[in-house]
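To keep things clear, I will list the structure first and then write my remarks on it.
Bear in mind these aren't lab numbers, they're just calculated from the coordinates by the rules spelled out. The shown structure was predicted, so the numbers you read here are calculated from the model rather than taken from an experiment. Positions of Cβ are backbone-derived with ideal geometry, glycine not excepted, and every protein chain shown enters the neighbour counts.
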Amino acid sequence: MEKVILIGGRAGQGSAVTSNFIGKIFCHLGFYVFNYRDYPSLIRGGHNFNILRISDKPVFSQKEKCDIILAFDQKTIDLHRKKLNKKGIILRSFDFEPVLKKIGGPKILENDILIGSLFKYFSVAKEVLIREAEKEFPKDNELIKKAIVAGYDLTKNKEKLISKGGVKYFLTGTDGVALGAIASGLDIYFAYPMTPTTPLLNFLAKKQSRHNILTFQPEDEISVINAALGASFGGAKVMVGTSGGGFALMTEAVSLAGMAELPLVIYLGQRTAPSSGIPTYTGQGDLKFALNAGHGEFPRIVVAPGDPQEAIFRTQEAFYLSSKYRIPAIILSDKHLAESNYSFDKIERSPLISPKIAENMPENYKSYTITKNGVSPVFFPGQGPVVRVNSYEHDDEGNTTENPIWAEKMNDKRFKKLPYLKKEIDKFNPVSLYGKGKNLIIGWGSTKGAIVDALPEIKNYRFLQVSYMSPFPKEQVLKEIKKSKKVVLVENNVTGLLGDVIAEQTGFIIKNKILKYDARPFDTEFLIKKIWTFKN
Amino acid sequence: MILQSFKEAVAELADANKIKIKNTAIVTGIGCHAKIFDYVNLNSFSGLHGRVLPTLLGVKMSNPELKVIGFGGDGDTFSEGASHFIHACRRNADLTMVVHNNQVFALTVGQPTPTSERGFLDGYPPPGVTDQPLNPIALALINGATFVARTYALDKGHLKATLKQAIEHKGFSFVDILQPCIIFHNVVPYFQKNVYKLDKNYNPSNFKAALEKALEWDYCFDKGTKVPIGVFYQIKKPTFEEQLSVPDNPWYKTERKINWKEMTEEFKS
């Protein structure tokens, strides 16, 4: 069983809220739901739409063709009618004007009348809808419930959908990063608003008192990262969030984190670039930027989750590794992952716990003591020992130096961490393999959803998801490439950036590429069509 | 001179139990001023050019028990860091910002900064600087700084007393130190002749009078204008930290218990 519902209207008409609510009701009924969100950079007007894919099996991507269109305006119908399957139906909220008049209340209630009609169509009990409405809108829900009932009573039962039941969790990639950060013991989140990472700032701001954390929006991204490093020096567990343009402003301080050896987690949500690009749309164009941002050489972590559950794990790993090895860690996401809702039977956290702070006060503490693995013992200002961090090259006490011996020693110290880091990352599944077959698809990040959903229909292909970009798991990637007859690269960018990284790291050049750079995410139908072109 | 006065100021405040050395931290930028990083044995962070104030704010946010003092140059603070300076004044976090104002980029051998006077030539092509100098005292005042002072590096007693007052002030305190660079911008004779201390009867809680005083000298040297030094303005306002609902402890001492079930409840169908 699978149903695809497209919900659309002008910005401000409520297609995001409505689709989220409908998605939650289907989850409650035991279905798996994927909710894709498509909207322009506008507050009012334009055209917004969501695609809800509902299934009795797990789904991780949207589909192009739909079974139902829920239209809040005529434009939605004009734009999307061609995507409607043969037996598809269209429900229009603006048909309910007379019903709304009887109820009284704001125009937005037409959406709830529509919801009532939709679920009656699918033979869902009225009581379920009422209960879900009370859950979703705990305050002032009388009119909403009235509207749902009015819509319900307008239609007849047409179909009955059957699920396997069971609890579902419905969350976005943003939620995953938030949960991972809180579970890691986040203290302060610094961010300047920028799509698609603003939802994390909003989410964490709402949770401030509940989780005893602090969110702060300073004057610009440069302040964001420098304040975060100041707080990291002071012993707070910090994260910053931004997108490509904001990250560009941060890069000088990314290098500072590398030199000063201060833990810092950076949540980088990609959107369509270059420059201002297409702000509310997706892309994977910043992979090499994340890998190379910041002048000079220093080790870093770059990890790219593929769904919200992975976002929880990868965020926890980023915090753990960043604080243990005192290097910057970048969580590389994108608009598609950050703002789409995914459903899971359960969501888990990693058992990782960040290293404890030191308590025994040393006699002659040196902030940059050289050790076997390059990581110096850490104290924070106020604990006792004088703590000194330096953006200039320094000796082990943190004193500025131009001495060639110290310059070499300190570069070696910073890079001594790398083999230890690599060993640790090998335990975190830096790559994941899905399906069976002699041919191999390689991808990363949010394309995972469409690829995994397409696998059952493209026999002979398995999928290698690369999650750690730095340090790069080259042995694991090369091993899978060598085992494969044909290798196909799938990326949401123009030139195949992961392909370049693989070439640089392993010497293997991937010739077959499926690249999508129309600012839209992959969907299963598109991917399957493209894969066939490589199928001999 | 600034180094010595600062050391004495900190030592005297510590002796008087007004601050604790182990709870004191400094942040420096990039420029001649930043050499202070290597000459004081305090918790210290040598940061980036122009970014002293955000870094300093971060240090303060991480641990409310810390007394934090930032050092920047005039190029550092008013060129690349100008926007941070404005917002720091507005925000009134409990920070002290000390600017070593020599009106020149000396470490890069003599380029003009925002506080260089009109006609400044050294290391700069004719006709020299045509921009009007930025007036840091006026800028701090109109943006809400709660402690605004100017002092003179060659008047050690005044310098030390001003630093002590600034460090003790609760809220954002700004000290502009006139510190002539004897190599690239030697205006010592002008200052020796024209610097004068604010009158004993001067009332530093009068904003309009402070602003008027701030505008008395425009950071140029062509008119023989007198240069006032002293605390131009000081008032009490709620600090940034007081208005945040955060614990009074350093974050690293925060005990956390993660209740995963409760955290994930809102996503459950």
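Can you tell me the relative contact order of chain B? Whole percent, Cα pairs under 8 Å, sequence separation 6 or more.
Over chain B, the number comes to 18 percent.
What is the calculated FRET efficiency for A:ILE77 to B:LYS253, with r their C-beta to C-beta distance and R₀ = 60 Å, to the nearest 0.05?
Once rounded, the FRET efficiency stands at 0.50.
Can you give the Rg to Rh ratio for segment A:181-233, taking only C-alpha atoms and Rh from Kirkwood?
0.95
Rank the residues A:ILE22, A:ILE266 as a footprinting-exposure proxy: fewest other Cβ atoms within 10 Å of their Cβ go first.
By the 10 Å Cβ count, ascending, the order reads A:ILE22, A:ILE266.
Where does each of B:MET97, A:MET361 land when they are ranked from fewest to most other beta-carbon atoms within 10 angstrom?
Exposure proxy ranking, most exposed first: A:MET361, B:MET97.
With both partners inside the protein assembly as shown, how many of the DSSP beta bridges are antiparallel, as a percent to the nearest 5?
30
Rounded to the nearest 10 degrees, what's the angle between the helix A:244-260 long axis and the longest principal axis of chain A, both from Cα atoms, 0 to 90?
Rounded to the nearest ten degrees, it is 30.
Excluding residues on the same chain fewer than 8 positions from A:LYS459, give the aspartates and glutamates whose Cα lies under 19 Å from its Cα.
A:GLU480, A:ASP523, A:GLU525
From the P(r) of segment B:2-239, could you give the percentage of C-alpha pairs in the tail past 30 Å?
Pairs farther apart than 30 Å: 18 percent.
Please give the helix A:109-121 orientation as an angle from the longest Cα principal axis of chain A, in degrees from 0 to 90, rounded to the nearest 10.
On a 0 to 90 degree scale, this one is about 70.
Going from the alpha-carbon gyration tensor of segment A:244-332, what semi-axes, largest first and in whole Å, does one get by taking the root of 5 times each eigenvalue?
Taking √(5λ) for each Cα gyration eigenvalue gives 21, 18, 8 Å.
Where the only charges are on Cβ atoms (+1 Lys, Arg; -1 Asp, Glu), what is the dipole of segment B:2-239 about its Cα centre, to the nearest 20 debye?
740
For segment A:92-103, just list the computed ³J(HN,Hα) in residue order, Karplus coefficients 6.51, -1.76 and 1.60, θ = phi - 60°, integers in Hz, with x standing in for Gly and Pro.
10, 5, 6, 6, 8, 3, x, 5, 4, 4, 5, 6
What number do you get for segment B:205-250 when its Cα radius of gyration is normalised by 2.2 N^0.38 Å, N = residues?
1.86
Mind checking which of B:THR151, A:SER467, B:ALA11 is farthest towards the positive end of the protein assembly as shown's charge dipole, using Cβ charges of +1 (Lys, Arg) and -1 (Asp, Glu) about the Cα centre?
In the protein assembly as shown, that residue is A:SER467.
Taking chain A as the reference, fit the longest principal axis to its C-alpha atoms, fit the long axis of helix A:308-325 to the helix C-alpha atoms, and give the angle between the two in degrees, 0 to 90, nearest 10.
Compared with the principal axis, the helix lies near 10 degrees.
Using only the Cα atoms of chain A, build the gyration tensor, take square roots of its eigenvalues as a ≥ b ≥ c, and label the shape rounded, prolate or oblate: rounded if a/c is under 1.5, else prolate if a/b is larger than b/c, else oblate.
It comes out prolate by the Cα gyration axes.
For a paramagnetic label modelled at 7 Å from the Cα of B:TYR39 toward its Cβ, which residues of segment B:140-181 fall within the zone defined by backbone nitrogen distances under 19 Å?
It comes to B:151-164, B:175-181, nothing else.
Taking only DSSP H segments of four or more residues, each worth -39500 (n - 2.57), what value at 222 nm results for chain B once the sum is divided by all its residues, to the nearest 500 deg cm²/dmol?
The helix contribution divided over chain B gives -8000 deg cm²/dmol.
For the pairs A:LYS3/A:LYS156; A:LYS83/A:LYS485; A:LYS427/A:LYS516, flag any whose C-alpha to C-alpha distance is greater than 29 Å.
Checking Cα-Cα distances, A:LYS83/A:LYS485; A:LYS427/A:LYS516 exceed 29 Å.
Just rank A:SER243, A:SER275, fewest to most, by other beta-carbon atoms within 10 angstrom.
A:SER275, A:SER243
Which links in A:LYS65/A:LYS135; A:LYS120/A:LYS335; A:LYS346/B:LYS257; A:LYS346/A:LYS529; A:LYS372/B:LYS257 stretch past 23 Å when you go from one Cα to the other?
Over 23 Å apart, Cα to Cα: A:LYS65/A:LYS135; A:LYS120/A:LYS335; A:LYS346/A:LYS529; A:LYS372/B:LYS257.
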